[in-house]
1. Filter segment B:15-63 for residues that are closer than 19 Å to residue B:128 by Cα and assigned to a helix (DSSP H, G or I) and give the result.
2. Is there a residue in segment A:53-70 that is outside any loop (DSSP other than H, G, I, E, B) and within 21 Å of residue A:145 (Cα to Cα)?
3. For segment B:153-172, name all the residues that are surrounded by fewer than 16 Cβ atoms within 10 Å (Cβ to Cβ) and farther than 18 Å from residue B:79 by Cα.
4. Filter segment A:118-157 down to the residues that are more than 10 Å from chain B (Cβ to nearest Cβ) and part of a strand (DSSP E or B) and list them by number.
5. For the condition away from every other protein chain (no Cβ under 14 Å), more than 23 Å from residue A:132 (Cα to Cα) and either modelled with pLDDT under 95 or surrounded by fewer than 18 Cβ atoms within 10 Å (Cβ to Cβ) (or both), what is the one hit in A:52, A:47?
Amino acid sequence: MSTERAGGSARTPTDLTIRPATIDDLPRLTEIYNHYIVNTPTTFDLDPFTADQRREWFSHYAATGPHRMLVAESAGVVLGYTTTSKFHPRAAYDTTVEMTILSAPEAIGRGIGHRLYEAIFDELRKEDVHMAMAAITLPNEASCAIHERFGFTRVGVLREVGRKFDQYWDVVWYEKKL
Amino acid sequence: MSGPNEPAVEIRPARADDLARLTEIYNFYIINTPITFDIDPITAEDRRPWFAQFAETGPHRLLVAEDTGGVLGYAGSHQFRVKKAYDTSVETTIYLAQEATSRGIGSALYTALFDALRSEDLHMAVAGITLPNAASVALHQRFGFVQAGLMHAIGRKFDQYWDVGWCERPMA
């Protein structure tokens with residue numbers, strides 16, 4: 001299956017590898033995330049991070065257990081990442097994870113998200129996780145499309161639930177049974 | 001609000017010396033119901049960080065309902081999600097002592113809470129309700145919340161999965 005957009009765009013790199021993130025990836029992961037902080041409403045963080053400030057976030061993930069982080073790498077460069085994280089601190093929510101998936105802006109439309117999601121859902125199969133959730137700031141057709149391709153269904157829209165760049169944004173929630 | 005045979009109920013900001021009673025009210029719901037997704041009862045001491053998020057000014061408030069017999073319930077507004085763009089939203093919470101339900105105390109608390117929040121830079125309130133809970137759904141509908149979505153099987157407590165309905169209410 002291809003995730004190329006209609007009209008054609010660059011192909012998925014043939015050497016693309018998916019692997020657990022390591023601490024050495026942190027500057028590049030921060031660089032990718034900061035692009036979305038600074039330029040888009042995709043994330044509701046407002047101020048860019050230093051890699052050092054991102055250490056605490058990085059520490060939430062492990063190579064085993066329900067909270068994973070995988071990166072997609074080609075020619076020694078990380079092009080995107082996906083995570084599963086705690087959905088909510090209360091203990092009964094521990095059977096649910098929240099998804100994140102981001103590609104570097106220059107790597108969008110090359111099937112990287114698809115490969116990342118295939119790999120992370122494969123990993124989660126062994127974990128005591130029942131539901132995966134994803135929150136997407138609207139509009140974002142590409143993100144809605146990949147979640148729907150992976151079997152997520154729409155839960156609902158929280159209208160104007162965040163303010164960024166002096167405007168309010170709607171967030172759609174998706175869920176997927178694992 | 002109070003019925004003809006009920007003592008008058010006062011609504012006021014919570015104080016630190018309410019914490020033991022607030023914890024007692026909340027622990028009932030932890031132990032006996034899926035209404036909260038906390039699973040283990042909490043001590044008042046461990047509840048201090050929760051209490052510390054509220055103030056008598058600003059978007060994050062905690063009000064209690066009290067009669068001559070003591071605190072009967074509480075309602076609060078707190079951070080919905082950590083990322084800063086969410087700061088224009090609050091999540092609301094409301095708990096009544098088991099013996100104080102169905103006396104209009106929840107309405108009195110929410111009336112006072114939304115009145116207190118009117119001057120704050122808030123745009124939306126959201127509330128999550130473990131289903132089924134007809135009384136809570138009805139209370140939120142009365143205060144202008146509409147259902148935004150239903151998250152299926154999103155929590156596990158008492159060896160079963162529970163749905164949570166999320167509702168939202170404009171604040172501006």
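1. B:25, B:26, B:27, B:28, B:29, B:30, B:31, B:32, B:50
2. The initial filter retains those residues of segment A:53-70 that are outside any loop (DSSP other than H, G, I, E, B), namely A:53-58, A:69-70.
Then drop every residue that is not within 21 Å of residue A:145 (Cα to Cα), which leaves A:70.
For segment A:53-70, residues outside any loop (DSSP other than H, G, I, E, B) and within 21 Å of residue A:145 (Cα to Cα): present.
3. Initially, segment B:153-172 is screened for residues surrounded by fewer than 16 Cβ atoms within 10 Å (Cβ to Cβ), giving B:158-160, B:163, B:170, B:172.
Of everything in segment B:153-172, those that are surrounded by fewer than 16 Cβ atoms within 10 Å (Cβ to Cβ) and farther than 18 Å from residue B:79 by Cα turn out to be B:158, B:159, B:160, B:163.
4. Filtering segment A:118-157 down to residues more than 10 Å from chain B (Cβ to nearest Cβ) leaves A:118-127, A:129, A:132, A:134, A:136, A:138-152.
Matches in segment A:118-157: A:132, A:134, A:136.
5. Numbers: A:47 fails: away from every other protein chain (no Cβ under 14 Å).
Just one listed residue meets the conditions, A:52.
The values are calculated or read from the model by the stated rules, or taken from the named source; none is laboratory data. Model, not experiment: these values are computed from the prediction. So basically every Cβ, Gly included, is an ideal-geometry build from the backbone, and we count neighbours across all protein chains shown.
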